[in-house]
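Colleague: Just passing along the structure, written as structure tokens.
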Amino acid sequence: SSWNQRRVHGIIQTTDMSRCLLVCLAVLSVCLSNVAAVGSSSVLAIEIGSEWIRVAIASSTHFPEIVLNHQSERKTPAMIYFKENGPLAFGDAAWSALGKYPARVFPGLRHLLGLSASAPLVEEFLNGSNPDSIFTDYFRDSHAFSFGEGLDEERYTPEDLISMFFKFALSLGRQVDPAVSKCAYIVPTYFDSTQKQALREAADLAKLDIVAELDELTAVAVEYASGRQFSTPEHVLFYGAGVHAVSAALMKISSPVKGGPVTSSSPLLIEVLDSRSDERFSAFQFDRLLLNLLVDRADEAFKGKRVGESVRKSSRAMSRLMREVKSIKEVLSTNQMAAISLDELIDGLTFTTKVSRADFETLAADSLRAEVILSPLESIMKDSPVDLSDIAELELFGGSSRIPLLQQTLQKYFKRRLGQHLNTDEAAVTGAAYYAGSISKYPRYRQITIVETKPRWKRETFARPLDSDGRYVAQDRLKDLYKKEERYKMAAQARSVFESRLFQVRDLMSEVESHLGSDSKLAMSVEKVNRVLNEVEDWLSMQTEQTLPETYRRKKDWLDKQVSESLELWKQTNRPVKDDL
């Protein structure tokens, strides 16, 4: 037949055996293409930091790469803008609104996760935020955000907002691979079990397909080790200086190869021997102190040139100064002096000043004490069987690790050159992406095993595939069931009280109508309150046992306010009103 005469790779196939061979080759090629298609799926790594959101993507054909945002930037500001009318805005859109609507823009939301309402870190956050939008959720013993009034009120917990960050990060990843769904995320080393659980709940709210959660410094260790050969085991100290803590971790890295040479593709074993943190360090406070310095200098410079209150009272001027604070820190990390000039800062006046590195170190002296900087390292080495002289490297990570005084203190302690082989901003998220690719069995990725040999009371694990550890999954589900049961009981009780109040108001309306007659003003008042009651009943019918009792209390207060306003309207008719009403 004509099919038999078809040319394949320059050879004419005419026999039945050749025909069978061709069919087999075709089937095999389809199978191989399907295998390649399955293996080419990607996995994301997400880092929700104190100041920035970073996303990396790993696939079977490429090593981890940073995902660019809509502005082609490698990082996105971790802040939310609550628009007065419209959807929430994230990242650069929120950063742009900071100068115009500072009271409606909230950075640093990760600091509220898992902390009680009275925690010092929460109080520090509240001092720089709009107090009218934040209230205490007594049911959860934490703070939440509220916008709108009456039935239009919208409430958000910190977990709700962080889950929106996760969704935003996933949307960035899907610009690269529309089919990506699996994610790994990073947990700060200083987080305790409650904070970790809050972050996990935020990821669950975002409906992410989580393959692993990875401790920050462990992710850095993966990035450090992935491109190196370890013919003999090495002990490495990793030091992270972030916004709210300094942390250190001691790792033992090796390649467990039985027979044969160690190569760049050999499996890796990372043993987390110990980790410690000191939360007395606060780069967040650095920003506040620098901002206060600039405000004081601006007030002094404008004295006699303007009449009015301090620059501190101008939200626009304060947001512009806050932007300069970020720039000053970056300049002082490599220079002795930073100069700023702001045209028309306030009332058409230009503000110029210079900030020296000595000025900064004086302001930050409390956090930059050697006692604070070295605390995690000294604590680890005190309990470690490994001597400091046996440590191969002291690797730095985190934006605050660029502070010259901090580096000098660490080098004096280590007595050797500090390791600065990593990108101090991106090493964690690219390391997490590599680990996610490794546990996804991508062929180009080295097999990585992470073991924690000395767990602490406040840390469950450093890195684990969440879906393969039944014990932790069972514990998490049990906690959720207890929480839901308690939530159901309190919500049901609150709903019952609220419904009772609803019927009381309905009875009050009937009694008022029967005793006061029906002039036009009274009819209008009754119609208003009946409309309010109908809206409340509709709202109530849509609620479930998941609604927080605090919500019912706030709705009840609003209902009482509406009724009180209507009673005031009735009093204006000069008709007698019974005392009991």
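Colleague: Counting only Cα, what are the radius of gyration and maximum Cα-Cα distance Dmax of segment 401-443, in Å?
Modeller: When restricted to Cα atoms, segment 401-443 yields Rg and Dmax of 15.2, 43 Å.
Colleague: Next question, about the same structure. Per residue of segment 70-77, in order, report the coupling 6.51 cos²θ - 1.76 cosθ + 1.60 (Karplus, θ = phi - 60°) as ³J(HN,Hα) in whole Hz, putting x for Gly and Pro.
Modeller: 5, 9, 6, 9, 7, 8, 10, x
Colleague: Another question, then. Step through the residues of segment 386-392 one at a time and calculate ³J(HN,Hα) from phi using the Karplus curve (6.51 cos²θ - 1.76 cosθ + 1.60, θ = phi - 60°), rounding each to whole Hz and writing x for Gly and Pro.
Modeller: Result, rounded to whole Hz: 8, 7, 4, 5, 8, 7, 6.
Colleague: Sorted by mean Cβ packing within 10 Å, highest first, what order do the peptides 288-298, 215-225, 324-334 take?
Modeller: 215-225, 288-298, 324-334
Colleague: Another question, then. Any chance you could check the Cα centroid distance between segment 262-276 and segment 38-100 for me, in angstrom?
Modeller: Cα centres, segment 262-276 to segment 38-100: 29 Å.
Colleague: In the full protein assembly as shown, how much of Lys167 is accessible to a 1.4 Å probe, in Å² to the nearest 10?
Modeller: Estimated to the nearest 10 Å², Lys167 gives 110 Å².
Colleague: Scaled to the compact-protein estimate 2.2 N^0.38 Å, what is the alpha-carbon radius of gyration of segment 136-242, rounded to two decimal places?
Modeller: Relative to the rule-of-thumb radius for its length, segment 136-242 sits at 1.41.
Colleague: Express in nm, to one decimal, how much length is gained between Glu535 and Lys441 on full extension, taking 0.36 nm for each residue of separation and deducting their alpha carbon distance. Before the final figure, lay out each step's value.
Modeller: Details: separation 94, 0.36 × 94 = 33.84 nm, distance 5.47 nm.
Separation in residues times 0.36 nm, less the Cα-Cα distance, equals 28.4 nm.
Colleague: I've got another one for you. Consider just the alpha-carbon atoms of segment 213-348 and return their Rg together with their Dmax, both in angstrom.
Modeller: Rg, Dmax (Cα atoms, Å): 23.9, 81.
Colleague: Tell me the accessible surface of His62 in square angstrom (1.4 angstrom probe, heavy atoms of protein chains only), to the nearest ten.
Modeller: Rounded to the nearest 10, the figure is 100 Å².
Colleague: Between Glu330 and Ser496, what is the label-point separation in nm under the 7 Å Cα-to-beta-carbon projection?
Modeller: 5.9
Colleague: Shifting gears a bit: On full extension of the chain, what length is gained from Gln420 through Asp507, given 0.36 nm per residue of separation minus the C-alpha to C-alpha distance?
Modeller: Gain in length upon complete extension: 23.9 nm.
The values are calculated or read from the model by the stated rules, or taken from the named source; none is laboratory data. This structure is a prediction, so every number in the text was calculated from the model and none was measured. Cβ: placed from backbone, ideal geometry, glycine included. Neighbour counts: every protein chain shown. Keep in mind that these areas ignore ligands, DNA and RNA; they rest on the heavy atoms of the full protein, side chains included. Shrake-Rupley method; radii C 1.70, N 1.55, O 1.52, S 1.80 Å.
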